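Engineer: Next up is a structure, given as structure tokens.
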Amino acid sequence: MSRNIAFVASNTDVSREARAELVSRYGDVAPDRADIIVALGGDGFMLQTLHETQSLPAPVYGMNCGTVGFLMNKYSPDGLIDRLFAAEEEVINPLSMRAECRDGSVHEALAINEVSLLRAGPQAAKLRISVDGKVRLEELVCDGALLCTPAGSTAYNYSAHGPILPIGSDVLALTAMSAFRPRRWRGALLPKTAVVRFDVLQGEKRPVMADADSRSVRDVTSVEIRSEEAIRHRILFDPGHGLEERLIREQFV
């Protein structure tokens, strides 16, 4: 096991102090020279680290120094080299979002957890949903809708009463938030290869924003989402605590 480790930390006192202790014990290199990147923080910082290092070959091992740690391992400064050597790897693909706006601009972003559309005014959003070029729902009246990966199914999707997806299922979850019409429509399960398009109806009267892992775009007229197979995020977990086990365990809490 190489000792070329890059330690990155969120902007909190706890995370910075943890990084200082780990660097003093194990040394530190720049992320582009690392064999493993260790991220110290919560899930939000883990997503940030994965986005920032997606072009690098090193996998990311997270240690929880935040409040939510679904993507993180337990923090401990002891025995880190042995833990990294024994760690199990999970590979996830992000979603690619292409959003067109009322002013004609086009915005692209990647999302490891989900792409969500949310009403941006006092009135409910009206969305038309197409899958692989075929309209599947002419009009969804709702507070919003999202498309999530299995890795993101326990995040916003779960809060919106969407299903938890097994990590190896090759399925995406399409979930509505506060659907008014069709009444209580809860969404759909789609193959990972599906291309999903949302068209915003009455956008001037009912403005909608799109969000890809907290990267927001306002006044969208259409959003197209697909799984980005060319990008592979490698995440390391302690044995017995990988994503598959966590997803199963979450359903029995």
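Engineer: Sort out for me the strands (runs of 3 or more DSSP E) sitting completely within the range 182-253 that have 3 or more residues that are not β-branched (Val, Ile, Thr).
Structural biologist: Passing ranges, in order: 188-191, 196-201, 208-212, 220-227, 233-237.
Engineer: Another question, if that's okay. Which pairs have Cβ atoms under 6 Å, sit 6 or more apart or on different chains, and link a residue in the range 183-198 that is surrounded by 17 or more Cβ atoms within 10 Å (Cβ to Cβ) to one that is among the polar types (S, T, N, Q)?
Structural biologist: Gly187/Thr175; Arg197/Ser130
For every residue, the table says whether it meets (1) within 14 Å of the chain's Cα centre (by Cα); (2) of a type in the set (Phe, Trp, Tyr); (3) closer than 16 Å to Arg128 by Cβ.
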residue	(1), (2), (3)
Glu138	no, no, yes
Ala151	yes, no, no
Leu165	yes, no, no
Ser169	no, no, no
Leu189	no, no, no
Thr193	no, no, no
Asp199	no, no, yes
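Engineer: If you don't mind, another one. Being buried (at least 19 other Cβ atoms within 10 Å of the Cβ) and among the polar types (S, T, N, Q) is the filter; apply it to the range 34-72 and report the residue that is nearest to Gly240 (Cα to Cα).
Structural biologist: Looking at residues that are buried (at least 19 other Cβ atoms within 10 Å of the Cβ) and among the polar types (S, T, N, Q), I get Asn64.
Engineer: Also, I was wondering about something else. Looking at Ala39, is it in the same structural domain as Asp199 (by TED's automatic domain parsing) and hydrophobic (A, V, I, L, M, F, W, C)?
Structural biologist: no
Engineer: Mind checking which pairs have a first residue in the range 145-173 that is closer than 23 Å to Arg232 by Cβ and without any contact (Cβ under 8 Å) to a residue 40 or more places away in the chain and a second that is of a type in the set (Ser, Thr, Tyr) and outside any strand (DSSP E or B), Cβ under 7 Å, 6 or more apart or different chains?
Structural biologist: Leu146/Tyr156; Ala173/Ser153
Conditions (1) closer than 26 Å to Met72 by Cβ; (2) at pLDDT 95 or above, marked per residue:
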residue	(1), (2)
Gly104	no, yes
Gln123	no, yes
Val135	no, yes
Ala145	no, yes
Ala155	yes, no
Tyr158	yes, no
Arg183	no, no
Ala188	no, yes
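Engineer: Can I ask one more? Only one of Tyr75, Tyr26, Tyr61 is of a type in the set (Ser, Thr, Tyr) and under 23 Å from Arg232 (Cα atoms). Can you tell me which?
Structural biologist: Answer to the check: Tyr61.
Engineer: Inside the range 96-136, counting only strands (runs of 3 or more DSSP E) that do not spill past its ends, which hold 2 or more residues that are surrounded by fewer than 19 Cβ atoms within 10 Å (Cβ to Cβ) and out of contact with any Cys (no Cβ under 6 Å at 6 or more places or on another chain)?
Structural biologist: Per the criteria, 106-111, 125-131.
Engineer: For the range 45-67, does any single residue satisfy the condition of being among the charged types (D, E, K, R) and in contact with a strand residue (DSSP E or B) (Cβ under 7 Å, 6 or more places away or on another chain)?
Structural biologist: No; the residues of the range 45-67 include none that is among the charged types (D, E, K, R) and in contact with a strand residue (DSSP E or B) (Cβ under 7 Å, 6 or more places away or on another chain).
The values are calculated or read from the model by the stated rules, or taken from the named source; none is laboratory data. It should be emphasised that the depicted structure is a prediction, and the values quoted were computed from it without experimental measurement. Heads up, the Cβs are rebuilt from the backbone with ideal geometry, glycines too, and the neighbour counts pull from every protein chain shown.
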